[in-house]
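As structure tokens, the structure follows; a few thoughts come after it.
The values are calculated or read from the model by the stated rules, or taken from the named source; none is laboratory data. All values derive from a computational prediction rather than experimental measurement. FYI the Cβ positions are ideal-geometry reconstructions off the backbone, even for glycines, and counts take in every protein chain you see. With ligands, DNA and RNA removed, areas are computed over all heavy atoms of the protein, side chains included. Shrake-Rupley method; radii C 1.70, N 1.55, O 1.52, S 1.80 Å.
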Amino acid sequence: MFRSPYTVGDDHLIAAHRFSIEHNCPLITHLAESRHEVLESIRLKGLRPVEHLARLGVLSENMVAAHVVWAEDHELDLLAHYGVGVVHNPQSNMKLASGVAPLPQMLSRNMGVGIGTDGSASNNDLSLWEEIDTAAKLHKLFTYDPKVVSAQEAFELATIRGARALHMDHMIGSLEVGKRADLVVLQMDPIDQIPLRSIYSALVYATKANDVCDLMVDGRVLLRDRQLTTLDEDLIREQGLVLRRQIIERLQLSV
């Protein structure tokens, strides 16, 4: 993994790519996230970020690129041609004023695109359900088209198309015999879910994280009756408050 192309040299990019191919492991990076990144790439390399990676020969099905906000049509063609997976992080892009990723254009190319939250510094609540809802609505606003990125397409970003983005759709992303037992059980009878006319509309526009009752990953129950089974929530909260206090004290000492 490298954080983004502009943080490392070309030799490192090529070495990371070769390692991912030799060991058949994903190569994860941020790519074309901001306008500044594109301008700096043009200034230093004479090429836009995606063009630069293509010239180096490091685009491949092993690559998973986060954001891809500032990619032009010919760059999307390159990413689609090489099978690069993309992770769409709409709320992070909004909070950081990075821009709006060309998700409809990616979908029109049948690219593997998943949904993500980015880190807590750029998206505080890390709610995947909110990301799905935002992805469905943001692009309607931006394109002035109420039919763009349908509820079903938005839900696919978090399931089967997202699995394609990670190049793992043969193992996860849908409920099929032979795939891993990844299950989310939702409570669908609260008043905000009634009446249930369209399951995809309900899942994308009405469902919230607190509607999740149970969660199973690869057959292992991680959440049962809204209670974590593998983590001590009280201890995590206590440790978080301790770290918060230590950070504040250190900041006060540095002033």
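Return yes or no: is LEU27 modelled with pLDDT of 95 or more, open to solvent by less than 90 Å² (accessible area, probe 1.4 Å) and hydrophobic (A, V, I, L, M, F, W, C)? Even if it seems obvious, please write down each step before you answer.
On the way: modelled with pLDDT of 95 or more: no; open to solvent by less than 90 Å² (accessible area, probe 1.4 Å): yes; hydrophobic (A, V, I, L, M, F, W, C): yes.
In short, no.
Could you please let me know if HIS81 is surrounded by fewer than 17 Cβ atoms within 10 Å (Cβ to Cβ), within 22 Å of the chain's Cα centre (by Cα) and assigned to a helix (DSSP H, G or I)?
Working: surrounded by fewer than 17 Cβ atoms within 10 Å (Cβ to Cβ): yes; within 22 Å of the chain's Cα centre (by Cα): yes; assigned to a helix (DSSP H, G or I): yes.
Against the criterion (surrounded by fewer than 17 Cβ atoms within 10 Å (Cβ to Cβ), within 22 Å of the chain's Cα centre (by Cα) and assigned to a helix (DSSP H, G or I)), HIS81 qualifies.
Taking into account only those residues within the stretch 193-242 that are among the polar types (S, T, N, Q), open to solvent by less than 50 Å² (accessible area, probe 1.4 Å) and part of a helix (DSSP H, G or I), which is modelled with the lowest pLDDT?
Looking only at the stretch 193-242, we keep the residues that are among the polar types (S, T, N, Q), and these are 193, 198, 201, 207, 210, 227, 229-230, 239.
Next, only the ones that are open to solvent by less than 50 Å² (accessible area, probe 1.4 Å) stay: 193, 198, 201, 207.
So of that shortlist, the ones also part of a helix (DSSP H, G or I) come out as 193, 201.
Numbers: GLN193: 85, SER201: 95.
Checking each candidate, the answer is GLN193.
All but one of (1) of a type in the set (Asp, Glu); (2) within 21 Å of ALA135 (Cα to Cα); (3) in a loop (DSSP other than H, G, I, E, B) hold for GLU153; which doesn't?
(3)
What is the number of the single condition among (1) within 28 Å of LEU215 (Cα to Cα); (2) free of Cβ contacts under 8 Å to residues at least 60 places away in the same chain; (3) hydrophobic (A, V, I, L, M, F, W, C) that ILE132 does not meet?
Result: ILE132 fails condition (2) only.
Kindly provide the set of residues from the stretch 120-136 that are open to solvent by less than 30 Å² (accessible area, probe 1.4 Å) and either over 27 Å from SER60 (Cα atoms) or not charged (D, E, K, R) (or both), ordered by number. Please lay out each step first, then the result.
The initial filter retains those residues of the stretch 120-136 that are open to solvent by less than 30 Å² (accessible area, probe 1.4 Å), namely 122-123, 127, 131-136.
Across the stretch 120-136, the qualifying residues are SER122, ASN123, SER127, ILE132, ASP133, THR134, ALA135, ALA136.
Quick one: would you say ASP73 is closer than 28 Å to LEU47 by Cα, open to solvent by 40 Å² or more (accessible area, probe 1.4 Å), within 11 Å of the chain's Cα centre (by Cα) and of a type outside the set (A, V, I, L, M)? Can you show your working first?
Values: closer than 28 Å to LEU47 by Cα: yes; open to solvent by 40 Å² or more (accessible area, probe 1.4 Å): yes; within 11 Å of the chain's Cα centre (by Cα): no; of a type outside the set (A, V, I, L, M): yes.
In short, no.
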